[in-house]
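Novice: Pasting in a structure now, in structure tokens, and then I'll have a few things to ask.
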Amino acid sequence: MSTVAAGPVMLYTEQTPNPETIKFVVNRMLYKGTADFRTRELADEWSPLAAALFDHAYVKGVYICNNYVSITKEFNYNWPDIMLVLKEFLKQYIADDKPILRKGFEEAVQAQEAEKIEAEYSGEDAELVKKIKELIDTYVKPAVEMDGGNIEFRSFNKGVVSVVLQGSCSGCPSSTITLKSGIEGMLKRMVPEVTEVVAEMG
């Protein structure tokens, strides 16, 4: 049986609106979905790649989505000092075909979300929450992902929608503007029950 070589791993970096976060884009699909790792513990449980990145003292957060990894650094390090090391590390890791995420990660996340909605909302609110989540996933997420970030629904209470900003959006100065002008406007139009959208940092 002959195996087809996947070719060399190509990698380039993109700035994000958050100066502490850089997007490392590769020519391979890493994970169809979003995986946000803020802690070493979570990375150890679910992502060998994120755990290996956390071995570098300057890595503060790892966000994996489609064909890129957004890395958030500790603020007391400078990108020029660490960029090359991270690029080489990622290229080698992916070229060696090492595991990105453990099996069952997606299911665990989905089960957690469904449980949360069922536990926290009933009747009309549960329907509204489903609709709000759907709108965020369909219209907001793809745009935010372009900047190396992610947005997740957190809660709905008396007209106020709470969302969590992840990846490059977390701690990014321009994310508040995007949130207020874009996301809040859209949700208010499409779900009249929504009065405000507020962000929590993931």
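Novice: Looking at K180, K188, which one is charged (D, E, K, R), at pLDDT below 85 and farther than 25 Å from V109 by Cβ? Give the derivation first.
Specialist: Working: K188 fails: at pLDDT below 85.
The unique qualifying residue is K180.
Novice: Do the conditions hold for V9, that is, is it among the β-branched types (V, I, T), in a loop (DSSP other than H, G, I, E, B), open to solvent by 10 Å² or more (accessible area, probe 1.4 Å) and more than 22 Å from K141 (Cα to Cα)?
Specialist: Yes; evaluated as a whole, the condition is true for this residue.
Novice: Still on this structure, please answer the following. What's the number of the condition W79 fails, among (1) modelled with pLDDT of 95 or more; (2) under 21 Å from V140 (Cα atoms)?
Specialist: Just one mismatch for W79, condition (2).
Novice: Also: Return a yes/no flag: does region 26-42 have any residue that is within 17 Å of E152 (Cβ to Cβ), in a helix (DSSP H, G or I) and in contact with a helix residue (DSSP H, G or I) (Cβ under 6 Å, 6 or more places away or on another chain).
Specialist: No, there is no match, as no residue in region 26-42 is within 17 Å of E152 (Cβ to Cβ), in a helix (DSSP H, G or I) and in contact with a helix residue (DSSP H, G or I) (Cβ under 6 Å, 6 or more places away or on another chain).
Novice: Still on this model: Can you tell me which condition K103 does not meet? The list is (1) farther than 30 Å from M186 by Cβ; (2) open to solvent by 60 Å² or more (accessible area, probe 1.4 Å); (3) within 20 Å of the chain's Cα centre (by Cα); (4) in contact (Cβ under 8 Å) with a residue 24 or more places away in the chain, and all the others hold.
Specialist: Unmet for K103, out of (1) farther than 30 Å from M186 by Cβ; (2) open to solvent by 60 Å² or more (accessible area, probe 1.4 Å); (3) within 20 Å of the chain's Cα centre (by Cα); (4) in contact (Cβ under 8 Å) with a residue 24 or more places away in the chain: (4).
Novice: Among the numbered conditions (1) touching a residue at least 40 places away in the same chain (Cβ under 8 Å); (2) open to solvent by less than 10 Å² (accessible area, probe 1.4 Å); (3) under 17 Å from T13 (Cβ atoms), tell me where A35 comes up short.
Specialist: (3)
Novice: Could you please tell me which pairs satisfy a Cβ distance under 8 Å, a separation of 6+ or placement on different chains, a first residue in region 69-87 that is on the phi < 0 side of the Ramachandran plot, and a second residue that is of a type in the set (K, R) and open to solvent by 70 Å² or more (accessible area, probe 1.4 Å)?
Specialist: From residues that are on the phi < 0 side of the Ramachandran plot, the pairs are T72/K60; K73/K60; E74/K60.
Novice: Okay, moving on. Those residues that are surrounded by fewer than 16 Cβ atoms within 10 Å (Cβ to Cβ), closer than 30 Å to E74 by Cα and among the hydrophobic types (A, V, I, L, M, F, W, C), I need them from region 119-168; list them, please.
Specialist: A143, M146
Novice: Which condition from (1) assigned to a helix (DSSP H, G or I); (2) within 30 Å of F156 (Cα to Cα) is the one that E88 breaks?
Specialist: (2)
Novice: Something else: Any residue that is open to solvent by 30 Å² or more (accessible area, probe 1.4 Å), farther than 28 Å from P19 by Cβ, among the charged types (D, E, K, R) and under 16 Å from the mean Cα position of the chain (by Cα) - is there at least one of those in region 90-97? Break it down into steps so the answer makes sense when it comes.
Specialist: Of region 90-97, the ones open to solvent by 30 Å² or more (accessible area, probe 1.4 Å) are 91-92, 95-97.
Right, trim to farther than 28 Å from P19 by Cβ and you get 95-97.
Those left that are additionally among the charged types (D, E, K, R): 96-97.
Restricting the remaining residues to those that are under 16 Å from the mean Cα position of the chain (by Cα) gives none.
Checking region 90-97: not a single residue is open to solvent by 30 Å² or more (accessible area, probe 1.4 Å), farther than 28 Å from P19 by Cβ, among the charged types (D, E, K, R) and under 16 Å from the mean Cα position of the chain (by Cα).
Novice: All but one of (1) in contact with a helix residue (DSSP H, G or I) (Cβ under 9 Å, 6 or more places away or on another chain); (2) surrounded by fewer than 21 Cβ atoms within 10 Å (Cβ to Cβ); (3) modelled with pLDDT of 95 or more hold for A50, so report the exception by its number.
Specialist: Unmet condition: (2).
Novice: Still on this structure: Report, by residue number, each residue of region 60-85 that is aliphatic (A, V, I, L, M) and either open to solvent by 10 Å² or more (accessible area, probe 1.4 Å) or over 20 Å from E14 (Cα atoms) (or both). Let's see the steps before the verdict.
Specialist: Of the residues in region 60-85, the ones aliphatic (A, V, I, L, M) are 62, 64, 69, 71, 82-85.
Correct list: M83, L84, V85.
Novice: Can I ask one more? Residue by residue through region 43-62, note down the ones that are assigned to a strand (DSSP E or B), of a type outside the set (D, E, K, R) and touching a residue at least 40 places away in the same chain (Cβ under 8 Å). Let's see the steps before the verdict.
Specialist: Quick first cut of region 43-62, residues assigned to a strand (DSSP E or B) only: 59-62.
Narrowing the set further to residues that are of a type outside the set (D, E, K, R) leaves 59, 61-62.
Result: G61, single match.
Novice: Now for a separate question. Please go through region 155-176 and pick out each residue that is at pLDDT below 85 and in a strand (DSSP E or B). Full working, then the answer.
Specialist: Quick first cut of region 155-176, residues at pLDDT below 85 only: 164-176.
Within region 155-176, V164, L165, Q166, G167 qualify.
The values are calculated or read from the model by the stated rules, or taken from the named source; none is laboratory data. Nothing here was measured: the structure is a model prediction, and the numbers come from that model. Using ideal geometry, Cβ is built from the backbone for each residue, glycine included, and neighbour counts are taken over all protein chains shown. Side chains included, ligands, DNA and RNA excluded: accessible areas come from the protein's heavy atoms. Shrake-Rupley method; radii C 1.70, N 1.55, O 1.52, S 1.80 Å.
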